[in-house]
Every structure is written in C-alpha cells, then in structure tokens.
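Working notes, beginning with the structure itself.
The values are calculated or read from the model by the stated rules, or taken from the named source; none is laboratory data. Everything numeric here is computed off the predicted structure, so don't read it as measured data. Here Cβ is always computed from backbone atoms with ideal geometry, including for glycine, and neighbour counts include all displayed protein chains. All accessible areas refer to the heavy atoms of the entire protein, side chains included, with ligands and DNA or RNA removed. Shrake-Rupley method; radii C 1.70, N 1.55, O 1.52, S 1.80 Å.
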Amino acid sequence: MKTVMQVVCVFLLSTMVMLAQQVPVKIVFDVTSPDTKVHQSTVRHVKAMSQAYPNSKFEVVMYSGAMEMVLKDKSVVASELETLVKKDNVDFVICQGTMKRYKAKASDLIPGVRSVPDGILEIVEKQQQGWSYIKEGQ
Amino acid sequence: MKTVMQVVCVFLLSTMVMLAQQVPVKIVFDVTSPDTKVHQSTVRHVKAMSQAYPNSKFEVVMYSGAMEMVLKDKSVVASELETLVKKDNVDFVICQGTMKRYKAKASDLIPGVRSVPDGILEIVEKQQQGWSYIKEGQ
Amino acid sequence: MKTVMQVVCVFLLSTMVMLAQQVPVKIVFDVTSPDTKVHQSTVRHVKAMSQAYPNSKFEVVMYSGAMEMVLKDKSVVASELETLVKKDNVDFVICQGTMKRYKAKASDLIPGVRSVPDGILEIVEKQQQGWSYIKEGQ
C-alpha cells in the first residue's frame, strides 16, 4: 500500500512539475536602444526563452532608437534574428513611425520582421490582453 | 442586393476601424534618465500619441535622474513640454523626493508640471488602476 | 452640531489617509544594467519604499548585465544590500542563467541574495500574480 501511495505521489508531483513548466507565458519586449549590446542581449533572451518555453509567445517591439536592430544591412544580430523570427511563437515588429523617421523601406528589413503602425500602441494593446512586459535596455 | 450588402459591409467595417481607433488607452511613462535624448524622445512619443488618440490619457512620471527634464531653466524640452501639459489628456508629474534631493522648488518647475509625493508609488497606483506602463530610456 | 460634523469629517479624512498609506503594494524591480549608478539608485528606491510602506513587498530581480550588483567582492552597494535583504518585505534575486554566464558561484553572492532559474520568468510570474513592474535603468 505504501508503495502504491509513493508511486501515486511521484506521479502527481511530476505532473505538477510538468504543468508548471508548461504554463504558457506571453511576453512583449520593448526595445528602444541604439546600443548593439542591448540588441544582442534581447536576442539572447528571446532565443533562450523560446527554446525553454515552446508553448509560450514572445513578441519584440522595436521603436525610437532601435531602428538599426532590424535593418538587414546594419543589424549586428541579423542572422540570429532571421532564424528566430521563423519560429511560430516569436515575432519581431518594428514601428512604422520609426521607419518613416529613418526613411527605412519594408525591403530594408530583415526577412520575417513585421511592421505595425505604432510601436507603443502595439505594446499597450499586448499589455491590455494580459501579456507581461519586459523593457530591454540598461 | 449585392450592392446593398457591400454598402452595409463597408459601413460595418469602417465603424469597426473607427471604434478601434477610438478605444481609449491609458499610459503611464516612466522617465529616470538624465540623458536629454531620452527627454526628447519621451516628448515626441507623448506628443504624437496625444494627437493620434485624443480620447486617451497619458501621464509622464519623472524621478531619480530625470529632474532636469522639468526644470524651466535647464530642460531641453521646456517649451514643448509646457505646450503639451496644457492638453486635458496629458500630465507631467515629478517626484517630490527627487525635488528634495536636487533642492528644487515648485517655482523652478516648468509651468503646468505637478508634483507627487513618491514617483514610483504614482506609477504603481496607475498600473493597479489598469494603466499600461512604458519605460522610456535606452 | 457643526463642530461634531467637523470632528467626524476630520476623523473620516484621517482614516482615509491612513488607509491610503497602508494599502500594500507589491513591486518587482527589473535590473539589467552594469552601471553602478543604476545599482545605487535601485537600492535607494527600495530602501526608501520599504521604510515608507512596511506592509508592502519588494523584489529586485537582477539578470543580464547586472551580475556584479550582487557579487560580494564587486558590488558597490554590498553593505546596503546585505542590510536591506534582511527585511521581511524585501528580496533580491539573481538569475541562475546569468550566474552561469559569469561563472559565479552561490558563495560569491552577497549573503541573503537568492537565485532563481530564470530572471525574466521570475518577473513575468510576479506580474501575472498582480505585482507592479518597475524597470530600473536610464
């Protein structure tokens, strides 16, 4: 009887641990920095989390000073970002207002990067929909 | 009949677009940087959003290193900020703890800037009331 | 009668003020900066708030570039942090992924600092539990 209880306990416990690991999170990352170190740490964070939590969703919104992070000819994270954005649970989006200020065209973007009319509004809407918010930057 | 349906569809669609644009957002901006570029981009963001979303509310809370942003003799955004803060849906508030540390008086502030006892508590209360949070800075 | 009303009003008002001051807040602070000024202002904020709001809870999560803030031989806020973390309502936690990248051991940490498997996930879980979020940094 004791052994049966032990087996049940271990089963319940491991189920709980699995469930805990599987609870999907949704995170919107805010990047405004021109600092390439911030671009690199952002990509590192999203890469690690999207691997560790495949059922979760991650969206990185770039605006203000972060334009170069998504320009295919200037980004220091171009290849990692292009690979990352192919995942179903990862999105990288750039603010169209920022593109306008930097005179950037859709064809200048790293393939797979989407644009949204207003970067801040995108972040706000995600927060309203229950996404957690992480500001990248130092 | 087809034309009527088309008219109805266009009507419904444009109503939805209008509604989407009119959904009021409430955003509290957190500014702690002494960097004047951050002061300028904050003002640019609030100006653009308060024009685009006149039914929405925007509050900018300055504390820690951002004291000079609201000092009328030192701020690089003094005139834009003074104009912006006159709008009904825009508030700029400075932390009284920060004012004390910088020995700033109410009369040193750009006209229209309010002060609150504790900048972080102000931001936290706004978040608790459902406001979205944007950290300005790089 | 007027005096009685005045007394009642003052009583009600002071009760409301007391209640307002006692409403417990829960704040998770996000620190990723290697900048020692950010480490100092973070400690200053948590110290002031944990004194002013003893019924509230404060957790500071360090990850990415903020490793040195919690290393006992390198932190510029080592003694303040060691004192602060002894409070019941204050926690300082470091990301184990960051420790790994910096080859830091548990014995290198300022006494009282805890570690968590994933700093960003820790912040996200706090947000999901209703904690307010403050990004430290400039």
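Looking only at the stretch A:30-47, which residues are more than 7 Å from every other protein chain (Cβ to nearest Cβ) and part of a helix (DSSP H, G or I)?
A:Thr36, A:Lys37, A:Val38, A:His39, A:Gln40, A:Thr42, A:Val43, A:Arg44, A:Val46, A:Lys47
Would you tally the residues in the stretch C:47-82 being of a type in the set (Val, Ile, Thr) and either over 29 Å from B:Gln128 (Cα atoms) or over 13 Å from the mean Cα position of the chain (by Cα) (or both)?
Looking only at that region, the number is 3.
Can you tell me how many residues in the stretch C:102-124 are at negative phi, away from every other protein chain (no Cβ under 14 Å) and more than 14 Å from the chain's Cα centre (by Cα)?
Summing the residues that are at negative phi, away from every other protein chain (no Cβ under 14 Å) and more than 14 Å from the chain's Cα centre (by Cα) in the stretch C:102-124 gives 9.
Are any residues in the stretch A:125-135 at the interface with chain B (Cβ under 7 Å from one of its Cβ atoms) and either among the charged types (D, E, K, R) or within 15 Å of the chain's Cα centre (by Cα) (or both), and if so, which ones?
Answer for the stretch A:125-135, where residues must be at the interface with chain B (Cβ under 7 Å from one of its Cβ atoms) and either among the charged types (D, E, K, R) or within 15 Å of the chain's Cα centre (by Cα) (or both): A:Gln127, A:Tyr133, A:Lys135.
Which of the residues that make up the stretch A:62-72 are hydrophobic (A, V, I, L, M, F, W, C) and either open to solvent by less than 20 Å² (accessible area, probe 1.4 Å) or within 14 Å of another protein chain (Cβ to nearest Cβ) (or both)?
Scanning the stretch A:62-72 gives A:Met62, A:Ala66, A:Met67, A:Met69, A:Val70.
Quick one: in the stretch A:83-101, which of the residues that are without any contact (Cβ under 8 Å) to a residue 12 or more places away in the chain and closer than 24 Å to A:Ser56 by Cβ is nearest to the chain's Cα centre (by Cα)?
A:Asp88
Are any residues in the stretch C:48-61 open to solvent by less than 10 Å² (accessible area, probe 1.4 Å) and away from every other protein chain (no Cβ under 12 Å), and if so, which ones?
Within the stretch C:48-61, C:Glu59, C:Val60 meet the criteria.
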